[in-house]
Each structure stands twice: as C-alpha cells, then as structure tokens.
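To start, the structure itself, in structure tokens.
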Amino acid sequence: TGSADRTVRVWDVDGRALAVLVGHAGSVEAMVAVSGRLASASSDGTLRTWCLESGSAVLTLEGHRDWVGSVACAEGGRVATGSDDGTVRVWDLS
C-alpha cells in the first residue's frame, strides 16, 4: 500500500507488514509490480523502484514537474507514468 505518510508498505496475505519502504518526499499515489520490482509514484514528482526481495531502493526517476498520480506496466520492462503536469512518460527499468 502507498500512504500519505510517504511510505510504501508490503504486506503478506495474512495482513502482516513485511517491509516499510521509505524514500519519497511526498505521498505515494500509485504503485505497480514489474519484473520483480515495485514501482511507486508520488506527489513529490518522482517514480521510485524497489527490490521486492530486499526492500531496498533501486532507482529514483525524475522528470515530471508536478505530482505523479498514476503508473502502469508497459512492454519490455518499462512503465508509464501520468502526472498533473499534463504529461505521460515512459521509463525503461532494464
């Protein structure tokens, strides 16, 4: 789950928190799992990727000028983000 407290929480099927991922400077607005990673979009204007196995941050992608409210999987290990700045960006995570 993503939260206004700027964290991403990873849960097991029984509702136990497995990890708390910290790094965003704004609320977490959207997430998607892709290629063994979790991608999170934030009101801080960034997309961050996380290793699901270790919980560590992998990438911080900047480029939007306003909050990022959506993220979706695209082909070939890419994700697309939509921002309140009126743009959609496609990021290569490979």
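The values are calculated or read from the model by the stated rules, or taken from the named source; none is laboratory data. From a predicted model like this one, the values you see are computed outputs, not experimental measurements. Note that we place each Cβ from the backbone using ideal geometry, even for glycine, and neighbour counts take in every protein chain shown. Note: accessible area is taken over every heavy atom of the protein model, side chains too, but ligands, DNA and RNA are not part of it. Shrake-Rupley method; radii C 1.70, N 1.55, O 1.52, S 1.80 Å.
Conditions tested, residue by residue: (1) open to solvent by 20 Å² or more (accessible area, probe 1.4 Å); (2) within 12 Å of the chain's Cα centre (by Cα).
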position: Ser3; (1), (2): yes, yes
position: Asp14; (1), (2): yes, no
position: Ala19; (1), (2): yes, no
position: Thr46; (1), (2): no, yes
position: Arg65; (1), (2): yes, no
position: Thr81; (1), (2): no, yes
TODO: Tally the residues that are of a type in the set (D, E, K, R), touching a strand residue (DSSP E or B) at 6+ places or on another chain (Cβ under 7 Å) and part of a loop (DSSP other than H, G, I, E, B), restricting the search to region 71-94.
DONE: 1
Task: Meets criteria (modelled with pLDDT of 95 or more and out of contact with any helix residue (DSSP H, G or I) (no Cβ under 9 Å at 6 or more places or on another chain)) for Arg9 - done: yes
- [ ] Mind listing whichever residues of region 31-70 are touching a Ser or Thr at 6+ places or on another chain (Cβ under 6 Å) and either in a strand (DSSP E or B) or at pLDDT below 95 (or both)?
- [x] Met31, Arg37, Ala39, Ala41, Thr46, Leu47, Arg48, Val58, Leu59, Thr60, Glu62, Val68
